[in-house]
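Take a look at the structure set out below.
Derivation of every value follows stated rules applied to the coordinates shown; laboratory data play no part. Nothing here was measured: the structure is a model prediction, and the numbers come from that model. Note that each Cβ is placed from the backbone with ideal geometry, even for glycine, and that neighbours are counted across all protein chains shown.
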Amino acid sequence: MSVVPSDDVSIDRDRIVDDKVSDEFFCPICRTLLWNPVACKTCENTFCRRCINQWLAQKDAQNRCVFNCRYAEKRCSPALKSLLSKLLLSCQYKRSGCSQSILYESIEKHELQCEYQAKNCRGCKKNFTVKDLRQHEDYCEHIEVECEICHCKIKQTQVKFHVFKCVQKQLLVDINKLLEKSDVEQQNEFQELHKTVQTLQQEFECLQMNLVLIKSALENGSSKLMNTWPEYQNKISVLEDTIRHTEGSLMAHLAIVGSKTYDEKTTNDINSLNIVSRIDTLTKLVHNLKKSDIPDELRNQEECKLAEIKLVTKLEFVIDELKLMKNTIENLECDRSSLKKQYETSRFKQCIVENRLDIVEKRIQKKNEKSVKILEDIESSMAKGCP
């Protein structure tokens, strides 16, 4: 990386390693070694650029150089620049301990990077060389730094202790947040389960009441049916006896008619057919009577019987549903007990974590006390070693 020459460099004669240097290498204005030289086009004398610019800036200069000729700037002679570049110079920080000899063209870059140049400490503002300043600033108690956790300003000698405290506080805050969050979630889940159990209990009680009502209705319907059923059975048996008696009478009459002539027989056959058809019709009427001519009370009893069967089926279904709900309630009670155990376990773990944090805090305090003692011993030894 090239360094742009600055106009603020001043090199005295005693810094030149070779004493045999011609006077033409020195500026006629500042009497020091030429730096960033330029020449006057009229008299061809050479000056430092800074010196001639300051001279011309005076009110009475009237654009004339030191030798009273009209000044017009031109480049310095290449031969002079070549000779200047070969000169060996001592560093301006030689008194501070720098023993290097540097070429003219590299002197500015060296002095900008020299470890023996003086700089002030950022904290105590005392003057140190660059090479000693780094070591001093590492232990200077006046330098403040920013904590990366809480962003407050602290002295750098207290960084370790402060960081331990910050980490400890942050860890405690995070653990408390997690524990509070888990406690709130468990309480919410427990409340929801409690509400669900109460709702299921209410539904179960309603179902029990409905079951009692259904049983009472079935018992009333079955008692009525048992009271009226024998009467209807007697009526049906009377109708069946009437049909059998009529059929026997007709068959006896046909037997008597069969002894007549062929024509009468034919006629009787036709009549018998008619009678048979009537018997069939009558039989159908009797069967229809069993089905349709039964009184409304008997028909209602049959409907009650069918309703009884349906109600029994529904009762069985309701009983199965109640059993399922009972199993669900038992499962919810088991979940409730398990959640309670988990909550007790989490509280136990919290106690363990708090005990461990107390132990860690005590250890950190002991280590911080040891580190503070070590730092005090180092500072006291440094104070004894310094003049």
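Overview of values
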quantity	calculated
Environment charge of residue 40, counting only residues whose C-beta is closer than 13 Å and scoring Lys/Arg +1, Asp/Glu -1	+4
Modelled FRET efficiency - R0 56 Å, residue 68 with residue 124, Cβ distances, 0.05 increments	0.60
Protection proxy ranking, peptides 132-139, 34-41, 119-126, average beta carbon neighbours within 10 Å, highest first	34-41, 132-139, 119-126
Residue-by-residue Karplus 3J(HN,Hα) for the stretch 186-197, coefficients 6.51, -1.76, 1.60, Hz, glycine and proline x	5, 5, 4, 5, 5, 5, 4, 5, 4, 4, 5, 5
Sites matching GluC sites (Glu not before Pro) across the stretch 145-180 that sit in DSSP coil, with at most 10 neighbouring C-beta atoms within 10 Å	148
Neighbour net charge for residue 65 - beta-carbon separation under 11 angstrom, K R +1, D E -1	+1
Segment residue 178-residue 196, extension gain: residue separation times 0.36 nm, minus the distance between their alpha carbons	3.8 nm
Sparse-neighbour loop sites [GluC sites (Glu not before Pro); the stretch 328-363; at most 11 other C-beta within 10 Å; DSSP]	none
Inter-probe distance in nm under a simple model that places probes 7 Å from Cα toward Cβ, at residue 36 and residue 356	6.6 nm
Length added when fully stretched, residue 207-residue 9, from 0.36 nm per residue minus Cα-Cα	60.7 nm
Positive minus negative residues near residue 355 (Lys, Arg vs Asp, Glu; Cβ under 15 Å)	+2
Segment residue 216-residue 86, extension gain: residue separation times 0.36 nm, minus the distance between their alpha carbons	34.0 nm
Gyration tensor verdict on the stretch 45-142 (Cα atoms; rounded if a/c is under 1.5, prolate if a/b is larger than b/c, oblate otherwise)	oblate
Rough spin-label spacing in nm, given labels placed 7 Å along Cα→Cβ, for residue 154 and residue 347	3.6 nm
Label-point separation in nm, residue 314 to residue 245, each point 7 Å along Cα→Cβ	4.6 nm
